[in-house]
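These notes concern the structure reproduced below.
Just so it is clear, none of the values below were taken in a lab; they were calculated from the coordinates. It should be emphasised that the depicted structure is a prediction, and the values quoted were computed from it without experimental measurement. Here the Cβ positions follow ideal geometry from the backbone for every residue, glycine too, while neighbour counts run over all protein chains shown.
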Amino acid sequence: MNFLKTVLLSVLFAFAGVAAAATPINLNSASVEQLVELNGIGPAKAQAIVAYRQEHGPFKSIEQLANVKGIGLKLVEKNREAMSVGVVKATPASPAVAKAAPVSKL
């Protein structure tokens with residue numbers, strides 16, 4: 001019976017890990033605590049990512065993460081499948097409003 005429990009728990013934990021890995025960490029909304037789950041990202045680098053995001057706005061691509069001090073392309077590639085930038089909302093351009101010429105009364 002103990003063997004069966006051990007096997008069952010092992011299977012459950014294996015699927016839990018797969019489910020967690022299947023959801024990429026959004027670089028534009030992740031907290032420091034979430035970012036440290038990435039390979040090679042500790043608290044200092046995670047804080048640097050958040051600070052970069054606050055200063056420069058949302059990441060437009062995963063590659064842009066390499067602009068953060070202490071993070072190189074090698075680290076980005078190692079974590080590519082575990083990260084996303086989500087949907088970056090573009091700021092809508094204000095439509096050009098043409099003013100009508102005043103109408104003269106005859």
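A few comments on the model shown:
- Using a Förster distance of 22 Å, the FRET efficiency for ASN26-GLU55 (Cβ separation, nearest 0.05): 0.75
- At most 14 other Cβ within 10 Å, DSSP loop - trypsin sites (Lys or Arg not before Pro), region 36-67: LYS60
- Label-point separation, VAL36 to GLU63 (7 Å along Cα→Cβ), nm: 3.1 nm
- Charged side chains reduced to their Cβ positions (Lys and Arg at +1, Asp and Glu at -1) give region 25-87 a dipole of some 160 debye around its Cα centre.
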